[in-house]
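Asker: Got a structure for you, written out below as structure tokens; questions coming shortly.
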Amino acid sequence: AAAAMANNADIFMVMMKSDSKHMTASQKELFKKHRVQLLDVDWDTPPNMKGYKEGGWCGHQDFIRLHVLGMEGYDAVAYYDTDIEFQGDITPVLRCAASGKFLSTNGGVGEPLNVGFFALKPDKRLFQASLNFAKEADFSHDHSWGQMGWKPAGGYFIGGECGQGFWYALFYKSGGLAQKALESVGLASVDAAQIDRCIWNYQTSYMCARDLDCNRVRVHHKPTRHTNGPEECQKLKFRTPKK
């Protein structure tokens, strides 16, 4: 089912133009073989971003995916990290997103949002709202992006200074600079929801049902290596065939 779904979808790799121009002939051939298209972009952090950080900051790998928000022309788009493995049909996610829902999941180490997956009906207004929010909202370890706060988390969570905190503040919080950014493009709010991480963005067995049937997992994210935990669902190549 997962393969059938992929055959009917356009698959893109988001990449900076400054990087894609260095692709080798063999890399381009591999893209062609697997029908992967390039989404060439000019930046990996929004221009004039107030919360930009120097050094080994995770923002570059996170904020490049903002470009997906504005991919109009599709009923729905979904972003997945490159270490994700499809283990089942994901079309229910796309159908739900096409209705206007912004979808994400929580993360595997307690964070309220994992930026390795999200799905939505693309809208250039939402893309522009994210740029406006980035321009106005600074990051604070005490109060997150744009002073929007960390709730429902008790405080800082992993990736909070990068995409995971930014996404949650803009798409799931209300009022403040997030509301201002949305209203600046004519949007009153974002119809945001979260779906079951244990099925649609599996990231270890943390907070999943102890008796979860791993055959129910549609999208496997982590662990990327084999683990010996009896309750852990694995990548397909590490699955033990049932006798």
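Asker: Could you sort the peptides 188-194, 29-35, 175-181 by per-residue average Cβ neighbour count (10 Å cutoff), highest mean leading?
Answerer: 175-181, 188-194, 29-35
Asker: Antiparallel as a % of all DSSP beta bridges within the chain, to the nearest 5?
Answerer: Given both bridge residues lie in the chain, the antiparallel proportion sits at roughly 45 percent.
Asker: Related question: Considering amide H positions built from the backbone, and no H for Pro or chain starts, which residues 5 or more places from Ala192, or on another chain, come under 5 Å of its amide H?
Answerer: Close amide H contacts, sequence-distant or interchain: Phe102.
Asker: Another question about this same structure. Rounded to whole Hz and in sequence order, give me ³J(HN,Hα) for region 67-83 from the Karplus expression 6.51 cos²θ - 1.76 cosθ + 1.60, θ = phi - 60°, writing x for Gly and Pro.
Answerer: 4, 5, 4, x, 7, 5, x, 10, 5, 7, 10, 9, 9, 9, 4, 6, 9
Asker: Would you mind telling me which residue in Asp81, Asp211, Asp40 has the biggest mean-square fluctuation in a Gaussian network model of the chain, where springs connect alpha carbons within a distance under 10 angstrom?
Answerer: Result for the chain, Cα springs under 10 Å: Asp211 fluctuates most.
Asker: Let me ask you something else. So for each of 110-118, 65-73 I average, over its residues, the number of other beta carbons within 10 Å; can you give me the resulting order with the highest mean first?
Answerer: On the way: 110-118: 22.1, 65-73: 17.7.
Final packing ranking: 110-118, 65-73.
Asker: Right, here's the next one. Under the rule of -39500 (n - 2.57) per DSSP H run of 4 or more residues, summed and divided by the residues of the chain, what mean residue ellipticity at 222 nm is obtained, to the nearest 500 deg cm²/dmol?
Answerer: Theoretical 222 nm ellipticity from helices: -7000 deg cm²/dmol.
Asker: Step through the table entries Lys21/Lys135; Lys121/Lys180; Lys21/Lys151; Lys33/Lys222; Lys28/Lys235; Lys17/Lys124, compare each Cα-Cα distance with 30 Å, and write down the pairs that go over it.
Answerer: Too far apart for the 30 Å limit: Lys21/Lys151.
Asker: Of all the C-alpha pairs in the chain, what % are more than 26 Å from each other?
Answerer: That fraction is 42 percent.
Asker: Can you list residues from other chains, or at least 5 along the same chain, whose modelled amide H is less than 5 Å from the amide H of Met16?
Answerer: Val41
Asker: Quick one: compute the contact order of the chain, relative version, from alpha carbon pairs under 8 angstrom and 6+ residues apart, as a percent.
Answerer: Value for the chain: 19 percent.
Asker: On a 0 to 90 degree scale, rounded to 10, what angle separates helix 163-172 from the longest Cα axis of the chain?
Answerer: Its long axis makes an angle of about 70 degrees.
Every number in this text was worked out from the coordinates using simple rules, so none of it is lab data. These numbers come from a predicted model, not from an experiment. Positions of Cβ are generated from backbone atoms using ideal geometry, with glycine treated the same way; all protein chains shown enter the neighbour counts.
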